[in-house]
Amino acid sequence: MTNTNRILIIVTSIGEYEKVGFRTGLWLGELTHFYDVVERAGFTPVIASIDGGYVPIDPESLSHDFLADRGTAKRYADREFMNLLADTKSVAEVDAAEFDAIYLTGGHGVMYDFPRSDRLAELIREFHESGKVVSAVCHGPCGLLGAKLSNGEYLINGKNVTGFSWPEEELAQRERAVPYSLQDELKKRGAEYTVADKPFETYVVEDENLITGQNPGSAAAVADAVVKQLS
């Protein structure tokens, strides 16, 4: 495995729910918290989306409380940084060989386009089978739902993982809006799913080169785990 010092970050291209009129998109802090940690550690993050082009941002992630958390407001005010989300590469345009790790951000938009993307599933398999780090946070593990190994088995079968829990969906008042329960779908594919003692506590699970975080507040901790493995 060649060391490129580059990390591929995948974000959603979906800006609304299918059943209701709520807007959604990338949860901005799940990008910025991860980005800040890996950049400080000397890695170059590269953002790609499922369809390419403009990336919608979940409006709730832009509320004062969330922007104030861990420096997201500074990134939101940074024109150069926000321009990275104005015209992204698509997953079809990126090559796993050019990166050391992949990171799947969340926001409810990923519940729709991450599991439906054959190219994302292929990228995840390529990273995993070449021994590179596969990481995800919050709803980002939706991208693992369609990922299979070369032998046809689900990549997460028998793996220890976490992701946004159903109690957290209820607390976020999205239980009637979401298309499925992420925790149930992970279990259906054979994953050993665990959660923090309390909803929205920071929680990260590592299983060899697979790293998952439970909720938005776990993004920086996922980044720390990724950096540690790459170092």
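The values are calculated or read from the model by the stated rules, or taken from the named source; none is laboratory data. Just so it is clear, the model here is predicted, and its values are computed rather than measured. All Cβ positions, even for glycine, are placed from backbone atoms using ideal geometry, and neighbour counts span all protein chains on display.
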Note to self: Restricting to the range 91-143, name every residue that is closer than 13 Å to Ser13 by Cβ, polar (S, T, N, Q) and out of contact with any Asp or Glu (no Cβ under 7 Å at 6 or more places or on another chain).
What the structure shows: Ser117
Next item on the list: Just name the residue that is modelled with the lowest pLDDT out of those in the range 46-105 that are of a type in the set (Asp, Glu) and touching a helix residue (DSSP H, G or I) at 6+ places or on another chain (Cβ under 8 Å).
Entry: Asp69
Notebook entry, point to check: Which residue pairs have Cβ atoms closer than 8 Å, lie 6 or more positions apart in sequence or on different chains, and pair a first residue in the range 1-24 that is among the acidic types (Asp, Glu) with a second residue that is not in a loop (DSSP other than H, G, I, E, B)?
Noted result: Glu16/Arg23; Glu18/Tyr112
Item checked: Residue check for Phe164: at pLDDT 95 or above, crowded, with 17+ Cβ neighbours inside 10 Å, closer than 22 Å to Ile14 by Cβ and among the aromatic types (Phe, Trp, Tyr) -> yes
Next item on the list: Under 9 Å between Cβ atoms, at least 6 apart or on separate chains: pull out the pairs that start in the range 196-224 with a residue that is more than 16 Å from Leu186 (Cβ to Cβ) and end on any residue that is in a helix (DSSP H, G or I) and of a type in the set (S, T, N, Q).
Entry: Glu201/Ser218; Thr202/Ser218; Asn209/Gln229; Pro216/Ser61; Ala219/Thr32
Checklist line | Members of the range 53-69 that are in a helix (DSSP H, G or I) and among the acidic types (Asp, Glu) | finding: Glu60, Asp65, Asp69
Note to self: Suppose we filter the range 51-76 for residues that are out of contact with any Leu (no Cβ under 8 Å at 6 or more places or on another chain) and closer than 28 Å to Glu93 by Cα; how many remain?
What the structure shows: 4
Checklist line | Of residues in the range 201-213 being under 16 Å from Arg70 (Cβ atoms) and either buried (at least 24 other Cβ atoms within 10 Å of the Cβ) or polar (S, T, N, Q) (or both), the one nearest to the chain's Cα centre (by Cα) | finding: Gly213
Checklist line | Cβ-Cβ under 8 Å pairs, at least 6 apart or on other chains, the range 99-115 side at positive phi, far side surrounded by fewer than 24 Cβ atoms within 10 Å (Cβ to Cβ) and of a type in the set (Val, Ile, Thr) | finding: Gly107/Ile57
Next item on the list: Scan (1) of a type in the set (Val, Ile, Thr); (2) crowded, with 23+ Cβ neighbours inside 10 Å; (3) in a strand (DSSP E or B) for the single condition Ile47 breaks and write down its number.
Entry: (2)
